[in-house]
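The values are calculated or read from the model by the stated rules, or taken from the named source; none is laboratory data. Just so we're clear, the structure is a prediction, and the values are computed from it rather than from any experiment. So basically every Cβ, Gly included, is an ideal-geometry build from the backbone, and we count neighbours across all protein chains shown. What goes into the accessible areas is simple: the full protein's heavy atoms, side chains included, and nothing from ligands, DNA or RNA. Shrake-Rupley method; radii C 1.70, N 1.55, O 1.52, S 1.80 Å.
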Amino acid sequence: MEEDLGILLFERHARGVRLTEAGRHFVAQVSAGVDQLNHAVKTAGMVARGERGGLRIGIHGLIPGSFLANLLERYREEHPDIEVEITEGTARDAAMQLRANRLDVAFVAGTPEMPDCHTRPIWTEPLVAVLPDGHRFAGQSAITWADLVSETFLVRYSGTGPQVHDHIVLRLAGRWPTPSILRFDVGRSTLLSMVGQGFGITIVGAATALLPTTGIIFLPFADEPEPVAFSAVWSPFNRSPTLKNLLNLASYMSHCGDSPGQLRGDNRPAGWRSR
């Protein structure tokens, strides 16, 4: 090395060898470089394993105690060095952001058909009707769509509002009178409060009952064929290990039945009230 550099790095004498001033400077610089290289190798390994980096998630809403809330909480506990960004919006907003590479994954209601994206059903929730606690059907243990033909439905523009609107139209198609559906640019809690104040009724996934509310009741549907599925959607070109870890955790939790949205988490019977 001394020959290659043309510099004397060591002083050699009978009692041993010691660094020259140039040698001490050289070793200090090399040590710093080795430390940086080791750090770079370690960091690269963590990124490759999904232990460091970022994850951008699109959601329709986040209810404490719901499957999605529990999933994100557990993911952050297991991967504390991942910077998680959350964006709330409709399924259409999420699809646009996925295609523009502004999101890594979105969780949406239903099982959307998106040829240019991968989709995977993750969890399910029974569909329930939300009525004022003084409603004429409040004493029933369940509700049918035929019971609600003459009702006024309240639907949000944001969140799962578009899917809720389409579901109501589908279930009441061909019935008379035609459904009255009013749309509002409000949040979930405000919409529930409007139901309690008599503006109309709405339908939601069962996890919504975990929210603190007053003056309303939640009734399950006796004629709804199956619970509502919620799916993960992501680009097939996204090979991020942070995304892979989240999807693996979501599948594990789903298979283990860790889904409060299935009404196992709050122990409330069908037709429960929120006063």
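Could you please find all residues in segment 155-197 being of a type in the set (A, V, I, L, M, F, W, C), open to solvent by 70 Å² or more (accessible area, probe 1.4 Å) and assigned to a helix (DSSP H, G or I)? Across segment 155-197, the qualifying residue is only 170. In the set (1) touching a residue at least 40 places away in the same chain (Cβ under 8 Å); (2) over 13 Å from residue 130 (Cβ atoms); (3) surrounded by 16 or more Cβ atoms within 10 Å (Cβ to Cβ), residue 141 fails one condition alone, (3). Annotation: residue 17 fulfils all but one of (1) of a type outside the set (Ser, Thr, Tyr); (2) at pLDDT 75 or above; (3) in a helix (DSSP H, G or I); the unmet one is (3). Being at pLDDT below 95, touching a strand residue (DSSP E or B) at 6+ places or on another chain (Cβ under 8 Å) and over 23 Å from residue 164 (Cβ atoms) is the requirement here; does residue 27 meet it? So residue 27 passes the test. Entry remark, segment 101-133: residues being at negative phi, touching a residue at least 40 places away in the same chain (Cβ under 8 Å) and not in a strand (DSSP E or B) number 10 in total.
Considering 215, 187, the condition of being touching a Ser or Thr at 6+ places or on another chain (Cβ under 8 Å), without any contact (Cβ under 8 Å) to a residue 40 or more places away in the chain and not assigned by the TED database to the domain that holds residue 87 is satisfied by 187 alone.
From the list 204, 164, 169, the one residue that fits, being among the β-branched types (Val, Ile, Thr) and within 24 Å of residue 73 (Cα to Cα), is 204. Looking across segment 51-68, the residues that are farther than 15 Å from residue 160 by Cα and open to solvent by 20 Å² or more (accessible area, probe 1.4 Å) come down to 51, 52, 53, 54, 56, 64, 65. Residues being assigned to a loop (DSSP other than H, G, I, E, B), among the small types (Gly, Ala, Ser), outside the structural domain of residue 214 (by the TED database) and loosely packed, with under 15 Cβ neighbours inside 10 Å are represented in segment 88-100 by at least one member.
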